[in-house]
Amino acid sequence: MNTTLTELNLKGNSLGEGGGQTIAAALRENHTLTELNLGYNSLGEGGGQAIAAALRVNTTLTDLNLEHNSLGEGGGQAIAAALRENHTLTELNLEHNSLEEGGESVVCQSWGNRGGTLEL
C-alpha cells in the first residue's frame, strides 16, 4: 500500500462499475489520500454504492469528484447514508449523475452545515 500519495486524478478512464469497486476497496485501506477525482468514469449505481461504503470508514479523504458517473438515485442515496458517518469530506462533486430529486434531497440533508462545497 502506498503511504505517500495524497492526490489521485483518474478522470475519464472508463473504469466502469468494476473499477469503482476496486477503487472503493483501496479507499477502505488507504490512510493518506486526501483528493480523488473519479469524474467521467461510468461507475454506475453499483460503483457509487461501493464508493459510498468506503466513505463510511475512510477518514482522510477531503475532496471527492464523482461528476458524470451515472450514479442514479440509488447511488445518491448510498452517498447520503455514508455522509452521515463520514465527517472528513468537505468537497464533493456529484454533478450530472441522474440522482433524481430523491437522491439530491437526501444528499443535501446529509451534507448538512459541514461547510465546504457540495455540487449537485
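Of note:
- Among the residues of region 92-120, those that are in contact with a Leu (Cβ under 7 Å, 6 or more places away or on another chain) and among the charged types (D, E, K, R) comprise Glu95, Glu104, Glu119.
- Criterion (among the charged types (D, E, K, R) and surrounded by 14 or more Cβ atoms within 10 Å (Cβ to Cβ)) met by exactly one of Glu104, Glu100, Glu29: Glu104
For (1) among the acidic types (Asp, Glu); (2) closer than 29 Å to Asn2 by Cα; (3) surrounded by fewer than 21 Cβ atoms within 10 Å (Cβ to Cβ), each residue gets a yes or a no:
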site	(1), (2), (3)
Ala50	no, yes, no
Gly74	no, no, yes
Gln77	no, no, no
Asn93	no, yes, yes
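- Arg84 being over 12 Å from the mean Cα position of the chain (by Cα) and either under 19 Å from Trp111 (Cβ atoms) or surrounded by 18 or more Cβ atoms within 10 Å (Cβ to Cβ) (or both): yes
- Residue in region 36-43 that is aromatic (Phe, Trp, Tyr), over 11 Å from the mean Cα position of the chain (by Cα) and assigned to a loop (DSSP other than H, G, I, E, B) present: yes
- In region 55-72, residue surrounded by the fewest Cβ atoms within 10 Å (Cβ to Cβ) [restricted to those that are aliphatic (A, V, I, L, M) and within 18 Å of Trp111 (Cβ to Cβ)]: Leu61
- Inter-residue pairs, beta-carbon under 6 Å, first of a type in the set (Ser, Thr, Tyr) and in region 31-51, second not in a loop (DSSP other than H, G, I, E, B), 6+ apart: Ser42/Gly16
- Every residue from region 23-35 that is touching a strand residue (DSSP E or B) at 6+ places or on another chain (Cβ under 9 Å) and part of a helix (DSSP H, G or I): Ile23, Leu27
- Residue pairs meeting the criteria (Cβ under 6 Å; at least 6 apart or on separate chains; first outside any loop (DSSP other than H, G, I, E, B), in region 98-113; second of a type in the set (S, T, N, Q) and modelled with pLDDT of 95 or more): Gly103/Gln77; Val106/Gln77
- One residue stands out among those in region 80-120 that are small (Gly, Ala, Ser) and either farther than 21 Å from Ser70 by Cα or in contact with a Pro (Cβ under 8 Å, 6 or more places away or on another chain) (or both): the one that is modelled with the lowest pLDDT, which is Gly115.
The values are calculated or read from the model by the stated rules, or taken from the named source; none is laboratory data. This structure is a prediction, so every number in the text was calculated from the model and none was measured. Cβ atoms come from the backbone with ideal geometry, glycine included; neighbour counts cover every protein chain shown.
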